[in-house]
1. Inspect all residues belonging to the range 301-310 and state whether any of them is out of contact with any His (no Cβ under 9 Å at 6 or more places or on another chain) and crowded, with 17+ Cβ neighbours inside 10 Å.
2. Tell me whether the range 93-106 contains one or more residues that are more than 16 Å from the ligand (Cβ to nearest atom), assigned to a helix (DSSP H, G or I) and either in contact with an Asp or Glu (Cβ under 7 Å, 6 or more places away or on another chain) or open to solvent by less than 10 Å² (accessible area, probe 1.4 Å) (or both).
3. Taking the residues in the range 400-424 that are surrounded by 11 or more Cβ atoms within 10 Å (Cβ to Cβ) and touching a residue at least 60 places away in the same chain (Cβ under 8 Å) as candidates, determine which candidate is nearest to residue 151 (Cα to Cα).
4. Kindly provide the set of residues from the range 385-398 that are in a helix (DSSP H, G or I) and either more than 21 Å from the chain's Cα centre (by Cα) or within 13 Å of the ligand (Cβ to nearest atom) (or both), ordered by number.
5. Quick one: in the range 225-238, of everything that is open to solvent by 10 Å² or more (accessible area, probe 1.4 Å) and assigned to a loop (DSSP other than H, G, I, E, B), which residue is nearest to the ligand (Cβ to nearest atom)?
6. Based on this model, can you work out whether residue 86 counts as acidic (Asp, Glu), buried (at least 24 other Cβ atoms within 10 Å of the Cβ) and within 30 Å of residue 230 (Cβ to Cβ)?
7. If you take the residues of the range 1-58 that are within 20 Å of the chain's Cα centre (by Cα) and among the basic types (Lys, Arg), which of them is least open to solvent (accessible area, probe 1.4 Å)?
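The values are calculated or read from the model by the stated rules, or taken from the named source; none is laboratory data. These numbers were taken from a predicted model, which means no experiment stands behind them. Note: ideal-geometry Cβ built from the backbone for every residue, glycine included; neighbour counts use all protein chains shown. Remember, those area values only see protein heavy atoms, side chains included, never the ligands or the DNA or RNA. Shrake-Rupley method; radii C 1.70, N 1.55, O 1.52, S 1.80 Å.
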Amino acid sequence: MTDATVPHIAGNAGALSARQRDLIERAAVLGRDKFAARAARWDREASFPFENFADLRDAGLLGICVPQSHGGLGADFATYVMVAAELGRHCGSTALSFNMHVCSTMWPGFIADALEMHTDERADHERIRSLHFARVVGEGKIYSQPFSEGGAAAAGKAPWGTLAVRVPGSRGGYHVRGKKIFASLSGAADYYGVLCTLEDPHHGGGSLRDSLYLAVPADAPGVTIVGDWDPLGMRGTVSRTLQFDDVWVPDEARLMPEGLYFQATQRYPYMFATLSPTYMGIAQAAYDFTVAYLRGEVAGMAPVKRRMYPTKQIAVADMRIKLEQTRALFLQTAREARVDPDKDARMRLLAAHYTIMENANDICRLALRTCGGQAMLKSLPLERMYRDSRCGSLMLPWTAELCVDRVGRECLYESGERDEPIES
Ligand SMILES: Cc1cc2nc3c(=O)[nH]c(=O)nc-3n(C[C@H](O)[C@H](O)[C@H](O)COP(=O)(O)OP(=O)(O)OC[C@H]3O[C@@H](n4cnc5c(N)ncnc54)[C@H](O)[C@@H]3O)c2cc1C
């Protein structure tokens, strides 16, 4: 395929704004020219793509979702997810880690702007977030987003086991204690955006409503990284375990005011759908690779064409149809993102997330079967895409199973409906 015939990640690029085209192109240039060639190394070593983050920083992309009023690029949800998908096309681990960083600016940024706050609270949030945004835009600092704990909390079914206790008196701030597993960017981020339960020392442990989102400096006393990292896929995310042993952070560590995270989860479910764009990109990349392979155009390989076999044509058609189905849902929900979506929009969002995660892996499976034995060699990127793609539907809070669970229930029940006990 020539550059002109490589499909655009957003399908019809003519439907995009000039700004969106520009930001996606920035990601495409970095991905094509730099990230694709480096991806095998992070995968082999299970090491963090520091060079890629330096390039993202130089391109201004670390501040992609920092509001323009704070010096960032001010991307909205639709723009960001298309950029993230383009990155995923070239290096899954970089795109997924980048997403953890970007969420730490998107949630306090345009998501917080869409939510209810008292005037004083909003002013205080504006003051505090300006410190975090200045670190990202001015100093190139990297944030991450560890919330998984190995219990029911990351699925949204129980309060966070990681606790924050308010420190009384002039020193202020919070003491944080607990553990986070699968913390992508462990050892690479400057700040870990930790979800905790705000514990009231007089009234005991809190509920989901008492969730608190704090940026803990990676070098704060009491922060340690433990365990190894040798997974099947997404190896460059370096998602090791973080321990917080009575770590003190100041009030300014709050990425959102107390109570706002819970409101966000109830009113802006799109906040959890930012993991899937990476996998949209991987699906596209597996398709791109297959077309190049069957046309005998993969760099470094003998130019043997395999496109004339009808079975290959059927397989590639199947892949393209799945890819376009996936992209259609991806783009529709990207453009629908808004606060307080109705039930239908929520269901579409879950269906889109599920579809992207499952189809990415299925498209990679078809790609390997179609291209054949040589395509699974580690000298080519397809086997890495296959392994990376497997991780998507395992990621909480919206694993494939949990999406099916919720969609099935919500198809059959309206809010508050219960069944009568069945008499035996
Ligand atoms: C490459 C990679 C990077 C990651 N990076 C991060 C990160 O940066 N930050 C972060 O916080 N997490 C991260 N995660 C973790 C991820 O989001 C999940 O939390 C983790 O994979 C869950 O693993 P677990 O075995 O503890 O899941 P469990 O909680 O044991 O769940 C196992 C399965 O059971 C099902 N299940 C769970 N709860 C319920 C329920 N209540 N009802 C029905 N079914 C349920 C789900 O389908 C789930 O897949 C990452 C994961 C991967 C694979």
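1. To start, the set of residues in the range 301-310 that are out of contact with any His (no Cβ under 9 Å at 6 or more places or on another chain) comprises 301-310.
This time we only want the ones that are crowded, with 17+ Cβ neighbours inside 10 Å, so: none.
No: zero hits.
2. No: the range 93-106 contains no residue that is more than 16 Å from the ligand (Cβ to nearest atom), assigned to a helix (DSSP H, G or I) and either in contact with an Asp or Glu (Cβ under 7 Å, 6 or more places away or on another chain) or open to solvent by less than 10 Å² (accessible area, probe 1.4 Å) (or both).
3. In the first step, residues of the range 400-424 are kept if they are surrounded by 11 or more Cβ atoms within 10 Å (Cβ to Cβ); the result is 400-407, 410, 413.
Pick out the ones that are also touching a residue at least 60 places away in the same chain (Cβ under 8 Å) and you get 402, 407, 410.
On the way: 402: 14, 407: 22, 410: 24 Å.
Looking at residues that are surrounded by 11 or more Cβ atoms within 10 Å (Cβ to Cβ) and touching a residue at least 60 places away in the same chain (Cβ under 8 Å), I get 402.
4. Residues satisfying the conditions are 387, 388, 389, 390, 391, 392, 393, 394.
5. So, considering only residues that are open to solvent by 10 Å² or more (accessible area, probe 1.4 Å) and assigned to a loop (DSSP other than H, G, I, E, B), the one nearest to the ligand (Cβ to nearest atom) is 231.
6. Working: acidic (Asp, Glu): yes; buried (at least 24 other Cβ atoms within 10 Å of the Cβ): yes; within 30 Å of residue 230 (Cβ to Cβ): yes.
In short, yes.
7. Among residues in the range 1-58 that are within 20 Å of the chain's Cα centre (by Cα) and among the basic types (Lys, Arg), the one least open to solvent (accessible area, probe 1.4 Å) is 26.
Condition check ((1) farther than 19 Å from residue 157 by Cβ; (2) more than 13 Å from the ligand (Cβ to nearest atom); (3) of a type in the set (A, V, I, L, M)) across all residues:
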{"residue": "354", "(1), (2), (3)": "no, no, no"}
{"residue": "364", "(1), (2), (3)": "yes, yes, no"}
{"residue": "367", "(1), (2), (3)": "yes, yes, yes"}
{"residue": "376", "(1), (2), (3)": "yes, yes, yes"}
{"residue": "400", "(1), (2), (3)": "no, no, yes"}
{"residue": "406", "(1), (2), (3)": "no, no, no"}
{"residue": "420", "(1), (2), (3)": "yes, yes, no"}
